[in-house]
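Participant: What follows is a single structure, and I will ask about it in a moment.
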Amino acid sequence: RFRSCCSGMSVHLHYRLRDFTLSFCFSTGDITQKGYEKKRGKLLSPYIPQIQGEAAALRCWGRHVGPAQSVCFRCTKCYFLFSDLHTEAVQAALAKYKERKMPMPSKRRSVLVQSSVEACTPPDTSSASEDEGSLRRQGRIASSTPYQAHPNVEHWFNRVIQGSSTSSSASSTSSHPGGRPHAANSAANTVLADLMAHTHLDNHSAPPDVTGLSERSMHAERPQVASVRGHPRGFNHASVMETGDGVPVNSRVSSKIQQLLNTLKRPKRPPLREFFVDDFEELLDVQQPDPNQPKPEGTQMSPLEGDPLGVVTNWPPALLASLQRWGTMYPKSPCLTALDNAGKAVYTLTYGKLWTRSQKLAYTLLNKLSSRNEPLLRPGDRVALVFPNNDPVMFMVAFYGCLLAELVPVPIEVPLTRKDAGSQQIGFLLGSCGVTLALTTDACQKGLPKAQTGEVATFKGWPRLLWFVTDGKHVVKPPKDWHPPIRDASNEIAYIEYKTSKEGSTMGITISHAAMLSHCHALTQACGYTEGETITNVLDFKRDAGLWHAVLASVMNRMHVISIPYSLMKVNPLSWIQKVHTYKARVAVVKSRDMHWSLLAQRDQRDISLISLRMLIVADGANPWSISSCDAFLNVFQSRGLRPEVICPCASSPESMTVAIRRPPEMGIPPPGKAVLSMSGLSHGVIRVDTEEKLSVLTVQDVGQAMPGARVCVVRVEGTPYLCQTDEVGEICVSSGTIGVAYYGLPGMTKNIFETIPVTSSGSPISDRPFTRTSLMGFIGPDNLVFVVGKMDGLMVVSGRRHNADDVVATALAVEPMKFVYRGRIAVFSVSVLHDERIVVVAEQRPDASEEDSFQWMSRVLQAIDSIHQVGVYCLALVPANTLPKAPLGGIHISETKQRFLEGALHPCNVLMCPHTCVTNLPKPRQKQPEVGPASMIVGNLVAGKRIAQACGRDVAQLEDNDQARKFCECKRVSNHAVETEHGHVFFFLNQGTVASAASCLQLHKRAERVAVVLMEKGRLNTGDHVALVYPPGIDLIASFYGCLYAGCVPVTVRPPHPQNLATTLPTVKMIVEVSKSVCILTTQAIMKLLKSKEAAAAVDVKTWPLVLDTDDLPRKRPLQIYKPPTPEMLAYLDFSVSTTGILAGVKMSHAATSALCRSIKLQCELYPSRQIAICLDPYCGLGFALWCLCSVYSGHQSILVPPLELETNVSLWLSAVSQYKVRVTFCSYSIMEMCTKGLGAQTEALRLRNVNLSCVRTCMVVAEERPRITLTQSFSKIFKDLGLSPRAVSTTFGCRVNVAICLQGTAGPDPTTVYVDMRALRHDRVRLVERGSPHSLPLMESGKILPGVKVIIANTETKGPLGDSHLGEVWVSSPHNATGYYTVYGEEALHADHFNTKLSFGDTQTVWARTGYLGFLRRTELTDASGERHDALYVVGSLDETLELRGMRYHPIDIETSVIRSHKSIAECAVFTWTNLLVVVVELEGPEQEALDLVALVTNVVLEEHYLIVGVVVVVDPGVIPINSRGEKQRMHLRDGFLADQLDPIYVAYNM
């Protein structure tokens, strides 16, 4: 056999040498692919038959377990050659893949752990100051630094692209030439992606669809005008390409997204059985097994009987009897030698010392510790043992001292900090065990965290403990007549060993005295222990194999233990081998990690010999990577006396203790075996060798025979514990007297684990004795050898297939092992996302690994796992070295790592998410139904008993018949009020907390007349000319507005540019002036200077401004006459506003519409001359403008005007003014409400002391053009309830471009109602009312009461037919104060005719409606309004232009954003948009930058779970980056353009694969 093995080795060596030579030639370019394959076949053909023949012979040599079990078992001698089989398989799997270019994540340099590439500085830009950078940062959204200023930037940028190999930062393109040093992707990546992007976009009008259904653009149906989104001045068009919808795109960002699209276009594996759509909801289909999956075909297994426990004549009746015997008969015999961190023996504990010191401690514990004259401890009480890993002597004394005192020791780890990994769970265990006393050493007690009193601090979750130091001076010598009771081994609890479950919970496993004795007996028999042997122990002596061999079995056999502390192993990994050599140790107890570490250091030592070793126990021999460690260790140390048969792997678990162990060679047992198993078969729970695919195999070694006296069987993992078939993998169960008894205090779990009764296929129990589940998965092989293929704790069930975490770790480590990550510092676990388990891999990155190297390693790991395990990795994260939570003795605390991942507290430095690859169980894309005809819809509503969803406000004609109310000329109104209210002030303008200016109608009238004179005389303007009013908020703006009306001009209010941010704000002013065709600008002297300054010249062409007039010094003249419009339909003013989609839209307001608007608001809010209202809104557009400039003049009430900008310096200004003037009605925006909620939330007590009282407020209305923000309004009400604000006072309004005021709550009528709708139904354009708290429920608040004179109907967006009650459709409005149309620079009103003049396709086809562009529904409530009719509530869901059409469903961005903001405490704000059908999520990080990468997984998870969408790109930015308009609405399209133009300066950009 030996000769045949040697010949087999030579065949393999020849084969591999020739293959390596060829591969080297191919890799260096000396041979082509075709030539390589031809030559390889020719050279290797002589050896292939021999190898196949040898494999066949070896396969026949292994005894068949069942008819279908074709497992390849090999003898150890010939197998060290196959030790790197897994590594070879991984490399071969990777070779199959073509190098797929994946878009690298973009990272800001401050986030990088370390960069290996020197920073490049662009020429001629190194002098750019920090101030310039900060200015650019403030204006990053709509501006880009002109290329013209830096002629060499283009050349420098190209040089960086060609010469660098490090990942690029999205913040580091040409738009920041003076910014952070950076580099870019490799030239091949960028050029290829750019080329593909250009080619694709040139040939196709629509971007590629990766979601299954193409995105319907709402802009095609509802085109808007005059976008303020365009090329900023000076932008280099050469570097811009356009997408199918004409959006300018910076090539850098687009190239990465294009790479992502190209990656996603590759065919996926056949999808799983998907969800199906049933009316409103997606239901999860029951997973059907694949009919072609392998099934077990063997016979039913028979339980395996271990050797009988031998009868020894002088075997002691208890472990303590052994201690007494050796302590008295051999007092000087060495028991334990402790080493220091230098490897020197610091103390040797003899059996005599152990016996006497244990007696002293036992006596002290029982007799010298008392509480209120009663002994503190009684027999059976539990005591915590808290000893460091470098002090085995004190632990051993304390352990046996507790046993002698009949106390139950509970060994635990030393808590170094209050936040140790798993420390809280340990505290829970101590509390449940009733532990009140902790034993420790003096040195350890001094090192524990202390409270202010000097006592040991109480750790989080721990019970209050009394700490007792066991050093010699604290214990007393017992009297001569005191002897500890030594009873025969019974079923009383001896000690409690803790175990941490997969979920992180800690349980205590009780071990009885009888089980402890039997286990020592079984270990002695299995390992052949004899008296006086020396054993070297590297393991933790407090639990598992370290405790069983080095503390219990060693005392039973009077062995000498050399204990190697973990701290010494870290300094000198070879120390345990040196001690084996020095002490001629016969046995060593190690883990595969210790063998691996010693390989790295073995070159330093030449003169060590391992010939004395008869048994090298590998405690974690069941792990898949232990086989490579064992083989590599044998390969190196065989020349130093190590015999192959000495290596003895074993398998154990805390519940069953030692399950199986390979016997030492002198026992005459059959040779060990190794199995090469199909990974695919294992995932289905069967044992196979895949003859076709040699890559996806798992090599496992046996863990020997079952323990003496034990009975072993394998049962099914799920459900009833049926016995497995011989070729089936299941959970190993043991019935023996050497196993644990129970989980302390957990009877339910104890019954499931410790009292399992396996049954045959017919259902009959195999034994009347219960079995214990070991948490080990495996099978029984030839020669009754036990094979373990994984642990239940590491089991991950993905799509019905089982994968083991340890196997995935082994594959990840085989990808260029140890080059980028630390071996042993890698965690694999699964998280549940969208009804399935998803695999997460977390590894510690070496600090010297470059960014691109790490990313390449990550992508190769993904490919290797995909190829070998046929499963996708959901998330792969790299964290800085030494940052993963450590378990005792240096391993990774898996459950704590998982918890940190789920909480977003892992702080990785690299993340790669692959949801597109993994998530194949998404709901089916919604299929659009054929259009329903008008007749069917109307009949359907009638049959269902639905009334048509139509509602109207009160009738204006009946409410007020006074002719004066219907006057259309606001000029007349001002002059009338000037006479009536000569001395009464109508306006109070607040600035810096005081009244800055006030004006009566008379003063306003006189000032307006002077403005009119300036326009007519200085400006020489004609009737109908447009005048831009560029004023800060104040009385001047109002007076100038009426001055324009007096002169017959059309005013256009424009927000002035921000002096500190001209680059962003001034182009918008210029655009409005140009689009509105203004022939003159009215402003103040300060703003006039600003418009013509040098700073302004950098942003716009100041020479093209129209005539600019200032109104600071007005002539004291009156106009000859005040203009009176000939018809009420004449244009009164233009209202320009930027929509949330970034569209600049100006609407025309006639004099009639203006008067009707004021009349409706007056009637709804009961605005009489005696009233005072406070307005904290921007006065430039919409309802804010109407309330500032129109309503006070029309109704004669007093208005307290509070500019929103003032709240940035004095956040309480608005509420203080409301309280001071006892205001009943007040208006604000969401941004103001949010500012008050955040800024004053903790100051309500201080405000009360300043006598701020809000009980006067009857109505506080939020002016908005969006869905009511119910969470914000509720928070506002709750916070200021203490200041007297009524919870009924806060309400919302709704208006839009076609009608600025459709709904206002007003002062009369029922309170606003809230309903809960199913969010999933909304995606299908349906309304389904649900109960509060239902899954997927979304609260919607009524948007205020419909104004007098306003009619609203809900229409189908496609058929334009009316819908029924509680049906979702577009809100259409008919009202006297509708705008008359869009004002465009080209006069193309025909494009938008249906916005303002549209009719229903059936039903009432005569009424003219305006389309709001908002989705909503009407619902008749049980409440009654002022007229006694049942109240119709309007619920606004969202803007049609904002909606995202993905997978055939309609999503509202705010819903996705709400979910994302809720996912992590550091997300301050969020905005979503789509590009090329990829969902892009931008989040603002309000926390340290190291948290940025934590958000990627959380954002992806929450959007998948709650919205069934896969996020394509996650962008993490600084707070304040997401642009928000004056109404507090997000400008998502501005953000999108800023992202694509690379102007966001993101902290991190992740491209999900």
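The values are calculated or read from the model by the stated rules, or taken from the named source; none is laboratory data. Just so you know, these numbers come straight off a predicted model, no measurement behind them. Glycine gets a Cβ as well: all are built from the backbone with ideal geometry, and neighbour counts include every protein chain shown. SASA here: full protein model, heavy atoms, side chains in, ligands and nucleic acids out. Shrake-Rupley method; radii C 1.70, N 1.55, O 1.52, S 1.80 Å.
Participant: In the range 1286-1297, what residues are open to solvent by less than 10 Å² (accessible area, probe 1.4 Å) and over 23 Å from Ser1439 (Cα atoms)? Show your work before the answer.
Facilitator: As a first pass, look at the range 1286-1297 and keep what is open to solvent by less than 10 Å² (accessible area, probe 1.4 Å): 1289, 1291-1296.
Matches in the range 1286-1297: Ala1289 only.
Participant: So which of Ile739, Ile661 is at pLDDT 90 or above and open to solvent by 10 Å² or more (accessible area, probe 1.4 Å)?
Facilitator: Numbers: Ile661 fails: open to solvent by 10 Å² or more (accessible area, probe 1.4 Å).
Result: Ile739 is the single residue among Ile739, Ile661 that is at pLDDT 90 or above and open to solvent by 10 Å² or more (accessible area, probe 1.4 Å).
Participant: Which residue is nearest to the chain's Cα centre (by Cα), if the candidates are limited to the range 1443-1473 and must be of a type in the set (Ser, Thr, Tyr) and either within 16 Å of Leu1544 (Cα to Cα) or open to solvent by 10 Å² or more (accessible area, probe 1.4 Å) (or both)? Reasoning before the result, please.
Facilitator: The first filter runs over the range 1443-1473 and keeps only residues of a type in the set (Ser, Thr, Tyr), leaving 1443, 1451, 1458-1459, 1463, 1466.
Narrowing further to those that are either within 16 Å of Leu1544 (Cα to Cα) or open to solvent by 10 Å² or more (accessible area, probe 1.4 Å) (or both): 1443, 1458, 1463.
Values: Thr1443: 24, Thr1458: 14, Ser1463: 7 Å.
Once the filter is applied, the top-ranked residue is Ser1463.
Participant: Within the range 1165-1180, count every residue that is modelled with pLDDT under 90 and open to solvent by 10 Å² or more (accessible area, probe 1.4 Å). Walk me through how you get there before you give the answer.
Facilitator: Here is the first cut: in the range 1165-1180, the ones modelled with pLDDT under 90 are 1165-1172.
Still in the list and also open to solvent by 10 Å² or more (accessible area, probe 1.4 Å): 1166, 1168-1172.
Residues in the range 1165-1180 being modelled with pLDDT under 90 and open to solvent by 10 Å² or more (accessible area, probe 1.4 Å): 6 in total.
Participant: Can you confirm whether Arg1224 is open to solvent by 30 Å² or more (accessible area, probe 1.4 Å) and in contact (Cβ under 8 Å) with a residue 60 or more places away in the chain? Even if it seems obvious, please write down each step before you answer.
Facilitator: Values: open to solvent by 30 Å² or more (accessible area, probe 1.4 Å): yes; in contact (Cβ under 8 Å) with a residue 60 or more places away in the chain: yes.
Yes; evaluated as a whole, the condition is true for this residue.
Participant: Just to be sure, is Ser859 in a helix (DSSP H, G or I), open to solvent by less than 30 Å² (accessible area, probe 1.4 Å), under 16 Å from Ala881 (Cα atoms) and not basic (Lys, Arg)? Walk me through it before giving the result.
Facilitator: On the way: in a helix (DSSP H, G or I): yes; open to solvent by less than 30 Å² (accessible area, probe 1.4 Å): yes; under 16 Å from Ala881 (Cα atoms): no; not basic (Lys, Arg): yes.
Answer is no for this residue.
Participant: In addition: Tell me, which helices (runs of 4 or more DSSP H) lie completely within the range 367-483 with 3 or more residues that are hydrophobic (A, V, I, L, M, F, W, C)? It would help to see each step written out before you state the result.
Facilitator: On the way: elements: 392-404, 423-433, 442-447.
In the range 367-483, 392-404, 423-433 are the helices (runs of 4 or more DSSP H) which contain 3 or more residues that are hydrophobic (A, V, I, L, M, F, W, C).
Participant: What pairs come out if I take residues in the range 820-831 that are basic (Lys, Arg) and pair them with residues that are not in a strand (DSSP E or B) whose C-beta lies under 7 Å away, six or more apart or interchain?
Facilitator: So the pair list comes out as Arg823/His596; Arg823/Leu813; Arg823/Pro817; Arg825/Leu884.
Participant: Then there's this: Considering only residues of the range 428-446 that are under 17 Å from Phe387 (Cα atoms), touching a residue at least 40 places away in the same chain (Cβ under 8 Å) and not aliphatic (A, V, I, L, M), which is surrounded by the fewest Cβ atoms within 10 Å (Cβ to Cβ)?
Facilitator: Only one residue tops the list, namely Thr436.
Participant: Report whether or not Arg838 is modelled with pLDDT under 90 and in a strand (DSSP E or B).
Facilitator: Numbers: modelled with pLDDT under 90: no; in a strand (DSSP E or B): yes.
Against the criterion (modelled with pLDDT under 90 and in a strand (DSSP E or B)), Arg838 does not qualify.
Participant: Tell me, which helices (runs of 4 or more DSSP H) lie completely within the range 1168-1249 with 2 or more residues that are hydrophobic (A, V, I, L, M, F, W, C) and in contact with a Leu (Cβ under 8 Å, 6 or more places away or on another chain)? Let's see the steps before the verdict.
Facilitator: Working: elements: 1182-1185, 1192-1195, 1213-1220, 1230-1240, 1244-1249.
Hits in the range 1168-1249: 1213-1220, 1230-1240.
Participant: Still on this model: Being more than 24 Å from Glu1370 (Cβ to Cβ), out of contact with any Pro (no Cβ under 6 Å at 6 or more places or on another chain) and part of a strand (DSSP E or B) is the filter here, so list the residues in the range 1415-1445 that pass it.
Facilitator: Scanning the range 1415-1445 gives Glu1422, Thr1424.
Participant: Scan (1) surrounded by 22 or more Cβ atoms within 10 Å (Cβ to Cβ); (2) more than 19 Å from the chain's Cα centre (by Cα) for the single condition Ala843 breaks and write down its number.
Facilitator: If we test Ala843 against (1) surrounded by 22 or more Cβ atoms within 10 Å (Cβ to Cβ); (2) more than 19 Å from the chain's Cα centre (by Cα), just (2) comes out false.
Participant: Right, something else. Please give the number of the condition Leu1479 fails out of (1) surrounded by 21 or more Cβ atoms within 10 Å (Cβ to Cβ); (2) in a loop (DSSP other than H, G, I, E, B); (3) of a type outside the set (Val, Ile, Thr).
Facilitator: (2)
Participant: On to the next question. Looking only at the range 1488-1539, which residues are without any contact (Cβ under 8 Å) to a residue 40 or more places away in the chain, open to solvent by 20 Å² or more (accessible area, probe 1.4 Å) and touching a His at 6+ places or on another chain (Cβ under 9 Å)?
Facilitator: Within the range 1488-1539, Pro1488 is the sole residue that qualifies.
Participant: From Asp631, Asp620, which residue is under 35 Å from the mean Cα position of the chain (by Cα) and at pLDDT 85 or above? Don't jump to the end; show me each part of the working.
Facilitator: Details: Asp631 fails: under 35 Å from the mean Cα position of the chain (by Cα).
Being under 35 Å from the mean Cα position of the chain (by Cα) and at pLDDT 85 or above holds for just one of Asp631, Asp620, which is Asp620.
Participant: Another question, then. Just need a number here: residues in the range 1316-1359 that are of a type in the set (A, V, I, L, M), open to solvent by 10 Å² or more (accessible area, probe 1.4 Å) and under 19 Å from Thr1421 (Cβ atoms). Before you say what the answer is, go through the steps one by one.
Facilitator: First pass over the range 1316-1359, keeping only residues of a type in the set (A, V, I, L, M): 1317, 1319, 1321-1322, 1327, 1329-1330, 1338, 1340-1341, 1346-1347, 1350, 1352-1355.
Then keep just the ones that are open to solvent by 10 Å² or more (accessible area, probe 1.4 Å); that gives 1319, 1327, 1329-1330, 1338, 1341, 1346.
Then keep just the ones that are under 19 Å from Thr1421 (Cβ atoms); that gives 1327, 1329-1330, 1338, 1341, 1346.
Summing the residues that are of a type in the set (A, V, I, L, M), open to solvent by 10 Å² or more (accessible area, probe 1.4 Å) and under 19 Å from Thr1421 (Cβ atoms) in the range 1316-1359 gives 6.
Participant: Going by what's in this entry, would Thr1154 be described as crowded, with 20+ Cβ neighbours inside 10 Å, of a type in the set (Ser, Thr, Tyr) and assigned to a helix (DSSP H, G or I)? If you could, list the steps in order and put the result at the bottom.
Facilitator: On the way: crowded, with 20+ Cβ neighbours inside 10 Å: yes; of a type in the set (Ser, Thr, Tyr): yes; assigned to a helix (DSSP H, G or I): yes.
Judged against the criteria, Thr1154 is a match.
Participant: Now, a different point. Within the range 1254-1274, identify whether any single residue is open to solvent by 30 Å² or more (accessible area, probe 1.4 Å) and out of contact with any strand residue (DSSP E or B) (no Cβ under 9 Å at 6 or more places or on another chain), and answer yes or no. Explain how you work it out, then say what you get.
Facilitator: Taking the range 1254-1274 first, the residues open to solvent by 30 Å² or more (accessible area, probe 1.4 Å) are 1255-1256, 1258, 1266, 1269, 1271, 1274.
Now drop any that are not out of contact with any strand residue (DSSP E or B) (no Cβ under 9 Å at 6 or more places or on another chain), which leaves 1255-1256.
The answer is yes, given that some residue of the range 1254-1274 is open to solvent by 30 Å² or more (accessible area, probe 1.4 Å) and out of contact with any strand residue (DSSP E or B) (no Cβ under 9 Å at 6 or more places or on another chain).
Participant: Quickly run through the range 485-521 and pick out the residues that are over 21 Å from Glu755 (Cβ atoms) and part of a helix (DSSP H, G or I).
Facilitator: Within the range 485-521, Leu517, Cys520, His521 qualify.
Participant: Residues being in contact (Cβ under 8 Å) with a residue 60 or more places away in the chain, within 30 Å of Gly737 (Cβ to Cβ), open to solvent by 40 Å² or more (accessible area, probe 1.4 Å) and touching a Ser or Thr at 6+ places or on another chain (Cβ under 9 Å): count how many of those fall in the range 462-499.
Facilitator: Adding up the residues that qualify gives 3.
Participant: On to the next question. Answer yes if at least one residue in the range 380-403 is of a type outside the set (A, V, I, L, M, F, W, C), surrounded by fewer than 22 Cβ atoms within 10 Å (Cβ to Cβ) and over 23 Å from Leu568 (Cα atoms), and no otherwise.
Facilitator: Among the residues of the range 380-403, at least one is of a type outside the set (A, V, I, L, M, F, W, C), surrounded by fewer than 22 Cβ atoms within 10 Å (Cβ to Cβ) and over 23 Å from Leu568 (Cα atoms), which makes the answer yes.
Participant: Follow-up. If we keep just the residues of the range 322-358 that are over 20 Å from Val312 (Cβ atoms) and among the basic types (Lys, Arg), which is most open to solvent (accessible area, probe 1.4 Å)?
Facilitator: So, considering only residues that are over 20 Å from Val312 (Cβ atoms) and among the basic types (Lys, Arg), the one most open to solvent (accessible area, probe 1.4 Å) is Lys332.
Participant: Go through the range 1494-1553 and give me each residue that's in contact with a Lys or Arg (Cβ under 9 Å, 6 or more places away or on another chain), in a loop (DSSP other than H, G, I, E, B) and not hydroxyl-bearing (Ser, Thr, Tyr).
Facilitator: Leu1509, Asp1518, Val1521, Ile1522, Pro1523, Gly1528, Asp1542, Gln1543, Leu1544, Asp1545, Pro1546, Ile1547
Participant: Kindly list the number of the only condition in (1) in contact with a helix residue (DSSP H, G or I) (Cβ under 9 Å, 6 or more places away or on another chain); (2) open to solvent by less than 20 Å² (accessible area, probe 1.4 Å); (3) over 25 Å from Arg1010 (Cβ atoms); (4) aliphatic (A, V, I, L, M) that fails for Val1102.
Facilitator: (2)
Participant: Could you please find all residues in the range 803-835 being closer than 30 Å to Val1503 by Cα, open to solvent by 30 Å² or more (accessible area, probe 1.4 Å) and either among the small types (Gly, Ala, Ser) or in a strand (DSSP E or B) (or both)?
Facilitator: Listed by number, the list holds a single entry, Ser832.
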